[in-house]
Every structure is written in C-alpha cells, then in structure tokens.
C-alpha cells in the first residue's frame, strides 16, 4: 500500500494537505456567501486536492485535471448560494468537479487526440515521468468510482465516511472499491495481467 500511496503522490503534484482544519465547513460556506474572500480561500485550500483527484480519476491527464479543478471552484463560487446544505459542501463540490470533468472528457473526445507529452513537466526527472505514466496507465484500468475512491483516500487522506458521503456510496461499498482498486493497482504496477 505504501508504494501505491507514494506513487499517487507523484501523480498529483500538489502539496500535502495540512492537518484537519478547525473551522467547520458549514461556517466557512456561510461566511463565503457573505462575501468574505478568506473563507472561500480556505474552502479552496481544504478541497483542492480532492477536486484534483476526482478530475484526474475521470480525465486521466494531470493538466486537464488541474484545469477542471480550477474551473469547478469558479463555478462553485458563482453558485455558492445553490448549495442547499453548507455542511455537505464537500459532496456538492465533488459533484460539480465530476460533472465538469465529464463535460471536458466529452469535449476532448470530439476533438482530435492531443499530445500526451504535454502532461509531463519538462523539468521532472525521467524516472518521475516514467513513474507518472505507469501510474496513470494503472489508474486507467480502474473503474471511475474505484479511481475516485483510491485517489480521495490514499492521495488526499479522506476517511471512508467522507468519501461515501461525497460519492453517494455506503462506507462498506467504499471500502470494497478501495480494496479492489489497490489490488488492481498493485497488479498493474507489478506487470501482472488483469
């Protein structure tokens, strides 16, 4: 499992999320609705890695995932009053991210294929580029739900309860997806046939 987690960190070039925050999300949403920029900044800081992870799970390309995550936050800011339950902001945001990512995927399918080399930063070490490609290929073998669960859990350190709420799953189902995804990733990274 540690190899998968270390590898996933190489896929998501974002800094690790700090310890769990003090101010409840619902309070931050209420303050952001009143126009307090620091409150929305804190919501972005707390949810950026998760948004990126979900977008990456759908799109499979880091650069596209980054764009979609940023776009989703702009949409969330514009429609913050539409979030009916501020305590469930995380799930509401993840749904926006998923919808934006699916829309971006549809647009990408309509246009000609683009160069995947653009997804690899030129300043990265060759071994990091190879690892990133291997991990992205391994992640591509998973179902969308498995990718989302493993990225949220192992990359962003969400609990099973948080993931279940955000994705509309039971905690047991979330655990099953995580177990299956990790097993498939270990097999894919070890070169075992699926």
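A few remarks follow.
- Considering residues of the stretch 29-43 that are touching a residue at least 24 places away in the same chain (Cβ under 8 Å) and surrounded by fewer than 18 Cβ atoms within 10 Å (Cβ to Cβ) only, the residue farthest from residue 165 (Cα to Cα): 33
- Hits in the stretch 179-194 - residues which are surrounded by fewer than 19 Cβ atoms within 10 Å (Cβ to Cβ) and touching a residue at least 24 places away in the same chain (Cβ under 8 Å): 180, 186, 189, 194
- Whichever residue in the stretch 116-147 is in a helix (DSSP H, G or I) and modelled with pLDDT of 90 or more and, among such residues, is surrounded by the fewest Cβ atoms within 10 Å (Cβ to Cβ): 145
- Scanning the stretch 148-161 for residues being assigned to a loop (DSSP other than H, G, I, E, B) and surrounded by fewer than 18 Cβ atoms within 10 Å (Cβ to Cβ) gives a total of 2.
- Filter pass, residue 69 being without any contact (Cβ under 8 Å) to a residue 60 or more places away in the chain, surrounded by 20 or more Cβ atoms within 10 Å (Cβ to Cβ) and within 19 Å of residue 151 (Cβ to Cβ): yes
- Tally, over the stretch 162-191, of residues that are more than 19 Å from residue 140 (Cβ to Cβ), modelled with pLDDT under 90 and outside any helix (DSSP H, G or I): 1
The values are calculated or read from the model by the stated rules, or taken from the named source; none is laboratory data. Since the structure is predicted, the reported quantities are computational estimates derived from the model, not experimental observations. Quick reminder, even Gly has a Cβ in these numbers, built from the backbone with ideal geometry, and neighbours come from all protein chains shown.
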